[in-house]
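The values are calculated or read from the model by the stated rules, or taken from the named source; none is laboratory data. Keep in mind that this is a model prediction, so the values were computed, not measured. Cβ coordinates were reconstructed from backbone atoms using ideal geometry, including for glycine residues, and neighbour counts include every protein chain displayed.
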Amino acid sequence: MTTTVQSIYYNQAPETLQREIAIMLHQVWPDACPMPGAKILEAHDKELNARSFYSYIDGKLVSYAGVVHKTIKHNGQTFNIGGLSSVATDPEYHGQGLGLRIVAAATQWIEKQRDIDFGIFTCNPSLTSFYTRAGAWPVVTDVVLIGSRDEDALSSESLDVVVLMRLFSEKAKAYESILRHTTINLDFPVGQFL
Ligand SMILES: CC(C)(COP(=O)(O)OP(=O)(O)OC[C@H]1O[C@@H](n2cnc3c(N)ncnc32)[C@H](O)[C@@H]1OP(=O)(O)O)[C@@H](O)C(=O)NCCC(=O)NCCS
């Protein structure tokens, strides 16, 4: 079976597609992604200008990954970052390679974006090999990712997750020394994370 990975900017996706995404994410994370009612609950904040990757089987949206954008300041430098977000496969369709294909497509898309300096996100340690296989994402044990400096902000340390990071642009590569052995602040509102 082959499924095509489709892609669109989330903010430009038709309501029907946004609803399909919300329904699938709700199945995977019932607490974090409430069931969409009359009003569609957004999978991604508008300002993060997410790119959506998704695939269908028999007319059903079964696998999803988002790439969100954020501009951050780190050690006086400005970086545009891309982060994988809301990576999920419908539980009934696990183990068919859908997740690998979605993350591979999202990663290839990030690689082609000239304006993304580096990619960064977190995952459960058990998924490390999944992301290595899907997009050559390495775990960076010397980087701590924090949602913000707020005392209630989420962080890779408090969540017990690993940080995955790839440097893409010449600028990011030139500044590798300040992007390693460090804490990277996403400057998100409290509760938001990657
Ligand atoms: C992670 C997830 C998206 C993988 O989706 P999937 O379509 O089942 O993935 P694939 O079929 O492409 O799996 C590829 C490989 O990853 C492994 N893998 C998949 N999910 C895994 C998990 N939760 N833990 C450990 N390994 C996992 C599979 O065993 C498989 O390896 P194999 O080919 O050697 O058997 C899916 O398990 C999921 O939706 N999980 C819940 C949400 C989640 O945790 N998302 C990640 C947030 S960072």
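Here VAL103, VAL162 are screened, and the one residue that is farther than 19 Å from LEU25 by Cβ and either away from the ligand (no atom under 16 Å from the Cβ) or surrounded by 18 or more Cβ atoms within 10 Å (Cβ to Cβ) (or both) is VAL162.
Given ASP150, ASP117, ASP142, which one is in contact with a helix residue (DSSP H, G or I) (Cβ under 7 Å, 6 or more places away or on another chain) and among the acidic types (Asp, Glu)?
Values: ASP150 fails: in contact with a helix residue (DSSP H, G or I) (Cβ under 7 Å, 6 or more places away or on another chain); ASP142 fails: in contact with a helix residue (DSSP H, G or I) (Cβ under 7 Å, 6 or more places away or on another chain).
The conditions single out ASP117.
Listed by position, the helices (runs of 4 or more DSSP H) inside the range 129-194 whose residues that are under 16 Å from VAL87 (Cα atoms) number at least 2 form an empty set.
Listed here are the residues, each with its yes/no results for (1) more than 8 Å from the ligand (Cβ to nearest atom); (2) touching a Cys at 6+ places or on another chain (Cβ under 9 Å); (3) of a type in the set (Phe, Trp, Tyr).
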site	(1), (2), (3)
LEU48	yes, no, no
SER63	no, no, no
VAL67	yes, no, no
ILE81	yes, no, no
LEU84	no, yes, no
THR89	no, no, no
GLN96	no, no, no
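Which is surrounded by 17 or more Cβ atoms within 10 Å (Cβ to Cβ) and more than 9 Å from the ligand (Cβ to nearest atom), of GLY76, GLY59, GLY119? Don't jump to the end; show me each part of the working.
Working: GLY76 fails: surrounded by 17 or more Cβ atoms within 10 Å (Cβ to Cβ); GLY59 fails: surrounded by 17 or more Cβ atoms within 10 Å (Cβ to Cβ).
It is GLY119.
Within the range 22-46, restricting attention to residues that are over 28 Å from ILE116 (Cα atoms) and more than 13 Å from the ligand (Cβ to nearest atom), the residue that is modelled with the highest pLDDT is ILE23.
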